Amino acid sequence: MNRMRCVGFAFLALIAATGTASAASLTVTISGIDKDGGNVAVALYGPENWLSHKPLQAVNVQAQEGSQTVTFDELPPGAYGILAFHDVNTNRDLDMNFLGIPTEQFGFSNNPGHSHTPKFDEAKFMVGDKPVSLSIQLNE
């Protein structure tokens, strides 16, 4: 009986020690917002849904000229990418002209440039068990 109890305690201690993967927070500072008004939309993606209409998480905050900061909490470890844009007319879409060129300011994690739509690997960053901070510069 005592041996069974020791094995049970050892098993519980092992479960407690390994646990599940920790979650971390992600703080994103979006800079280069050219004017007040509308929202800053920040969409968080994984490799499977990169730039789809269904991000893993999305945050909208009222836009203020300069910069805005948003936080995503309890993110499991993994690879992520972000699209941020100044949604001037608050329609929750990155508006485009007839040529398909964005008419609202936008940017991606890792700031890969604004001349093309980046592949996931260009915008990818890793989240582990510690808080992560990153900055995104919107195009001018």
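The single condition among (1) modelled with pLDDT of 95 or more; (2) out of contact with any Gly (no Cβ under 9 Å at 6 or more places or on another chain); (3) among the small types (G, A, S); (4) exposed (fewer than 14 other Cβ atoms within 10 Å of the Cβ) that A13 does not satisfy is (1).
Taking first residues from segment 35-50 that are closer than 18 Å to T71 by Cβ and partners that are modelled with pLDDT of 95 or more and assigned to a helix (DSSP H, G or I), the Cβ contacts under 8 Å between residues at least 6 apart in sequence or on separate chains come to Y45/F120.
Being touching a Phe, Trp or Tyr at 6+ places or on another chain (Cβ under 7 Å) and among the charged types (D, E, K, R), is that true of even one residue in segment 97-117? Yes, some residue in segment 97-117 is touching a Phe, Trp or Tyr at 6+ places or on another chain (Cβ under 7 Å) and among the charged types (D, E, K, R). For segment 40-75, taking the residues that are of a type outside the set (S, T, N, Q), more than 12 Å from the chain's Cα centre (by Cα) and surrounded by 15 or more Cβ atoms within 10 Å (Cβ to Cβ), the one that is farthest from S135 (Cα to Cα) is identified as A63. Among the residues making up segment 77-108, a single one is touching a residue at least 60 places away in the same chain (Cβ under 8 Å) and closer than 27 Å to A23 by Cα: G107.
Just for segment 104-128: of the residues that are touching a Pro at 6+ places or on another chain (Cβ under 9 Å) and assigned to a strand (DSSP E or B), which one is surrounded by the fewest Cβ atoms within 10 Å (Cβ to Cβ)? Among residues in segment 104-128 that are touching a Pro at 6+ places or on another chain (Cβ under 9 Å) and assigned to a strand (DSSP E or B), the one surrounded by the fewest Cβ atoms within 10 Å (Cβ to Cβ) is M126. When each of F72, F98 is tested for being of a type in the set (F, W, Y) and closer than 23 Å to L26 by Cα, the lone residue that passes is F72.
Only one entry in F125, F106 is at pLDDT 95 or above, among the hydrophobic types (A, V, I, L, M, F, W, C) and over 11 Å from the mean Cα position of the chain (by Cα), namely F106.
What number of residues within segment 76-92 are surrounded by fewer than 20 Cβ atoms within 10 Å (Cβ to Cβ) and either closer than 16 Å to F108 by Cβ or in contact with a Gly (Cβ under 8 Å, 6 or more places away or on another chain) (or both)?
Initially, segment 76-92 is screened for residues surrounded by fewer than 20 Cβ atoms within 10 Å (Cβ to Cβ), giving 76-79, 88-92.
Next cut, either closer than 16 Å to F108 by Cβ or in contact with a Gly (Cβ under 8 Å, 6 or more places away or on another chain) (or both) only: 77-79, 88-90.
Qualifying residue count for the region: 6.
Look at (1) within 21 Å of A24 (Cα to Cα); (2) at pLDDT below 95 and you find that R92 fails only one, number (1).
The values are calculated or read from the model by the stated rules, or taken from the named source; none is laboratory data. For clarity, every value in this text was computed on a predicted model and none was experimentally measured. Every residue, glycine as well, gets a Cβ built from its backbone with ideal geometry; the counts of neighbours run over all protein chains shown.
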